[in-house]
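Computed from the coordinates by the stated procedures, all read-outs in this text should not be read as laboratory data. Predicted, not measured: the structure shown is a model, and the values here were computed from it. Neighbour counts run over all protein chains shown; Cβ positions are idealised from the backbone, glycine included.
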Amino acid sequence: MPKQVTESELRRIEDVLLRFPPGLPLGELQKELRGSISRRTLSRRISELIAAGRVHRRGEGRATRYLHGVAPARAQRQRVQREARAHGSLRDATAGAPEATRPEEAGRFETPDGVVPIDLSSVARDILEYVSRPAAARTPRGYQRRVLDEYVPNQTAYIPDKLKVHLHKIGKPIVAERAAGTFARDILNRFLIDLSWASSRLEGNTYSRLDTARLIQFGQAAQGKDAKETQMILNHKRAIELLVEENPDVIGMNPYTLFNLHSLLSENLMADPEASGRLRRRPIEIGGSVYTPPAIPQLVQECFSLIVTKATAITDPFERAFFVMVHLPYLQPFEDVNKRVSRLAANIPLIQADLCPLSFVHVPERAYISGMLGVYEMTRVELLRDVFVWAYERSCETYVVVRDSIAEPDLFRMKYRDALTEVIGEIVRQRKRPTEDEIRALAERLVETRDVPGFVALVAEEFRRLDEGNIARYRIRLADYGAWRRAFGE
C-alpha cells in the first residue's frame, strides 16, 4: 500500500482515539472507523503506532485497550489529583507533576499583563499537554509532506464552516462596495503599531507598546534595548506598509510578496545577508522542538511552490490565512523569520477581502508557541486554530471601535485617492502654480469627465491646506516641497 495511504489510515486511527481518552478495545475502534479499515490491517496499523509512540496499549487479553499518545499523562494527572484529594493534599501532589498541572491546560495563560483565558477544545488541551512535556519525552518528527499533499483547497477545511460564519460576521465592516484594503488603511496607524509590537513580542522582543509607538511615529529608539529589537520593530513597520499601501494587484499569495515580506522582515537580522528574501539552501533546526524541517533544497522549493498554489486556490479568506499560518512555519522555507512572515502573510487575504486585520495583540507567547509545536510535532492544527480564532476576536473588538471613532470617509476622495496624489505631486515636483487650467489638464486623463469639476475643486482645496506636515500623504519629498515654495517666493 502507498505510504501516503498508510499515513492517512494512521491519522484516522489517532483521530478516533483522541475522542476517547480512556481508550478503546480493538473491536470498538474498528466500529468507530466504520469499517474503513479491516481488522487485520487495523492490527498492523496499531502496531506501527505503538512502535512510534503515537498510541499506547493498556491491559491484556480481552481487557486490552488502545489510548492516544497524549492520554497517559492526563490519566496520570487525574489519578494523582484523586489520590491527593483523598488525603487532603492536592497542592503537594500536583507539585510533583508540574507539566501536567499547569493552568494553561484549562486555557489560562500567564502573561506580563496578567492571566489570559482562551477557550480550548478538548483536542487542543490534549495537544497542549503533549507539547508541554520535556523534549526527551516527545517523539522526534520530520517533515510530513503528505500533510500538504492531502490538503485539497475548498474541500479540506482546517476551519469548520460554522466557525467561518462566525469570523465573517465579526470581521466584516458594515459598509458596502469598498475598495480592497479600505478597512486596514482606515486604521493603519493603530494597526502598524499593534502588529509590529505584538508580532515582535512573540519573538521575544522586550519593547513595550509605548516604546513601539514612539519608534514608529517619531523614530525614537527605546533606551537600553538591543539594536536587534529596534531593527525588528522597524522591519515590521516597512513590511506592513507594503501589505497595506502597495498596489493590491501586485500583493497576494505569490512568491513576489512572500519573498519581499521576508526581505523586509529580515533586513539586517540575518547571519547571512544573502539569505534574506530567498529560499534556504541549508538545513536548520528549531530550538525547543523535536521537529526537524526538510533539509533538501529541492524539496523546500517544491513544497513552497505547492503552498503558494494551494493558498491562492483557497476561496475563503480565513481558511487561506490559517493555511499560511500552518504551512509556512511547518516547511520553514527561509533560514529564519518564518513565523513572522506567516503572521503578516495571514493578513493578506483579510486585507484583500476588506476584513478586519489580525494584529496578534494580547496573544500569550506560550499559547502561540504551543500551537506551533502541535503543528511541528503532531501535525495537528486544533490548538493553533483556537489561538487564531481567539486572537481574531480580540482584533475585531479593538479595530471596529477604532474605525467607528474615525469620521466616515469622503467617497469621492476615496475614489480618486491615487489621482489626487499624482496630480498634487506632479504640480509640486514640476514647480508649477496650481491654477484651475493646470489642474484640469492633468485631471482629464485620470478622472471621469463628469467628475472633473469636482476633482479640480478638491485639488485646489488640498493645495490651500498643503504644508510640511502633510506632504507625505502625496509622496512629496521635503526638498521638492521647499523648492516649489521658493519658486513662487512663498
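Results, tabulated for the structure shown:
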read-out: Proximal charge balance of ARG431 [Cβ under 11 Å; K/R count +1, D/E count -1]; value: +3
read-out: Degrees, to the nearest 10: 255-266 long Cα axis against longest axis of the chain; value: 90 degrees
read-out: Ordering of 248-259, 135-146 by packing [mean C-beta count within 10 Å, highest first]; value: 248-259, 135-146
read-out: Beta bridges by DSSP in the chain, antiparallel share as percent, to the nearest 5; value: 80 percent
read-out: Angle in degrees between helix 161-171 and the longest Cα principal axis of the chain, rounded to the nearest 10; value: 30 degrees
read-out: Furthest towards positive pole of dipole, MET270, PRO293, LEU243, structure part region 236-299, Cβ charges; value: PRO293
read-out: Extended-chain gain in nm, criterion 0.36 nm per residue less alpha-carbon gap, THR292 and LYS172; value: 39.3 nm
read-out: Cα long-axis angle, helix 382-404 against the chain (0 to 90 degrees, to the nearest 10); value: 30 degrees
read-out: Table column - 3J(HN,Hα) (Hz), region 219-236, Karplus curve with 6.51, -1.76, 1.60, x for Gly and Pro; value: x, 8, 6, 5, 6, x, 9, 5, 4, 5, 5, 4, 4, 4, 4, 4, 5, 4
read-out: Phi to ³J(HN,Hα) by Karplus 6.51 cos²θ - 1.76 cosθ + 1.60 over region 143-155, Hz, x for Gly, Pro; value: 5, 9, 4, 4, 4, 6, 4, 7, 6, 10, x, 6, 10
read-out: Hydrodynamic radius of the chain per Kirkwood, over alpha carbon pairs, in Å; value: 25.7 Å
read-out: Label-reachable residues, region 415-431, where backbone N falls under 16 Å from a point 7 Å from ARG475's Cα toward its Cβ; value: 416-430
read-out: Backbone HN-Hα couplings from phi across region 21-29 [Karplus 6.51/-1.76/1.60, Hz, Gly and Pro as x]; value: x, x, x, 9, x, 4, x, 5, 4
read-out: Normalised per residue, the volume of the convex hull around the Cα set of region 138-404 (Å³); value: 123 Å³
read-out: Calculated [θ] (222 nm, deg cm²/dmol) that DSSP helices of n ≥ 4 give over the chain, each run adding -39,500 (n - 2.57); value: -17500 deg cm²/dmol
read-out: Within region 411-487: Cβ-based charge dipole about Cα centre, in debye rounded to nearest 20 (Lys, Arg +1; Asp, Glu -1); value: 240 debye
read-out: Dipole-positive endmost among LEU306, GLY142, THR41 within the chain (Cβ charges, Cα centre); value: THR41
read-out: Whole-angstrom gap from region 331-406 to region 10-30, using each part's C-alpha centre; value: 31 Å
read-out: The chain, relative contact order in percent, only Cα pairs under 8 angstrom and at least six apart counted; value: 15 percent
read-out: Ordering of 56-63, 319-326, 461-468 by packing [mean C-beta count within 10 Å, highest first]; value: 319-326, 461-468, 56-63
read-out: Packing-based order for 356-366, 289-299, using average beta carbon neighbours within 10 Å, highest first; value: 356-366, 289-299
read-out: Stokes-Einstein D (µm²/s) once Rh is taken as the Kirkwood radius of region 3-68 over alpha-carbon pairs, at 4 °C in 1.567 mPa s; value: 111 µm²/s
